[in-house]
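Read the structure below first, then the notes.
The values are calculated or read from the model by the stated rules, or taken from the named source; none is laboratory data. Computed from a prediction, not measured in an experiment: that's the story for all the values here. Ideal geometry is used to build each Cβ from the backbone, glycine not excepted, and the neighbour counts take in all protein chains shown. Heavy atoms of the whole protein, side chains included, go into the accessibility calculation; ligands, DNA and RNA do not. Shrake-Rupley method; radii C 1.70, N 1.55, O 1.52, S 1.80 Å.
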Amino acid sequence: ILDNDEKLFDRVDACVIDEKYVYFISRGTLSICTISDSRQVTEIGSVSGLGSTRDMAFTKDQKALVVTSRRNGVYIVDISDPTNPTVLSHYDSLEYSTGLDINGNYAFICSRWFGVEIVDISDLRNPQYVSSLNGENEYQDCFFDSGFVYVGVYNGKRIDVWDVRN
């Protein structure tokens, strides 16, 4: 990814967008960028020190991002001021946190061999463990839809489906 013809990122772990900005995580840094009509990327804000970043998703109000960071757990970053993103809190996951998805006030965090943690993020400054979906597989990523969590099993090369309506 280039910024004014110079390399801005040599590796991108994940990327999400909203109406105005593009958010990248790369090598422990969350960067917030604008993209001009000519497709020029310009970084306007960043926060570093997030460890071995892997994935991210918006909270339901889209004023924060939940970022998984492998052996560093999970960070919740306030992005309400895109020029000055700040870490609101840290959640120490059970094991290496990789993929995630969010539904309402709940984050579903893949913790490799420990399954998928369900974390209440209604208070972004104080995320709380609720439950976990435990399988005997290495879970890498997940997706929530209509009361079910679809989980990618790394070594098994399959999808496990969990009913989380209750």
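Quick rundown of the values:
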read-out	value
Residue within the stretch 104-117 that is in contact with an Asp or Glu (Cβ under 8 Å, 6 or more places away or on another chain), within 22 Å of ASP163 (Cβ to Cβ), in a strand (DSSP E or B) and modelled with pLDDT under 95 present	yes
Residues located in the stretch 143-166, provided they are exposed (fewer than 14 other Cβ atoms within 10 Å of the Cβ) and out of contact with any Gly (no Cβ under 7 Å at 6 or more places or on another chain)	ASP145, SER146, GLY147, PHE148, ASN155, GLY156, LYS157, ARG158, VAL161, ASN166
Conditions (1) farther than 24 Å from ASP120 by Cα; (2) in contact (Cβ under 8 Å) with a residue 24 or more places away in the chain; number of the one not met by SER38	(2)
In the stretch 72-85, the residues that are assigned to a strand (DSSP E or B) and closer than 14 Å to TYR23 by Cβ	TYR75, ILE76, VAL77, ASP78
Yes/no for ILE79 being closer than 30 Å to ASN155 by Cα, open to solvent by less than 30 Å² (accessible area, probe 1.4 Å) and either in contact with a strand residue (DSSP E or B) (Cβ under 6 Å, 6 or more places away or on another chain) or among the hydrophobic types (A, V, I, L, M, F, W, C) (or both)	no
Number of positions in the stretch 1-39 that are touching an Asp or Glu at 6+ places or on another chain (Cβ under 8 Å), open to solvent by 20 Å² or more (accessible area, probe 1.4 Å) and either modelled with pLDDT of 95 or more or more than 14 Å from THR68 (Cα to Cα) (or both)	2
Residues (open to solvent by less than 40 Å² (accessible area, probe 1.4 Å) and either in a strand (DSSP E or B) or more than 17 Å from GLY73 (Cα to Cα) (or both)) located in the stretch 122-142	SER132, LEU133, GLY135, ASN137, TYR139, CYS142
Which numbered condition CYS33 fails, given (1) over 19 Å from PHE143 (Cβ atoms); (2) assigned to a strand (DSSP E or B); (3) touching a residue at least 24 places away in the same chain (Cβ under 8 Å); (4) out of contact with any Ser or Thr (no Cβ under 7 Å at 6 or more places or on another chain)	(4)
Selection from the stretch 107-121 of residues that are surrounded by fewer than 19 Cβ atoms within 10 Å (Cβ to Cβ) and either in contact with a Cys (Cβ under 8 Å, 6 or more places away or on another chain) or under 16 Å from SER89 (Cβ atoms) (or both)	ASP120
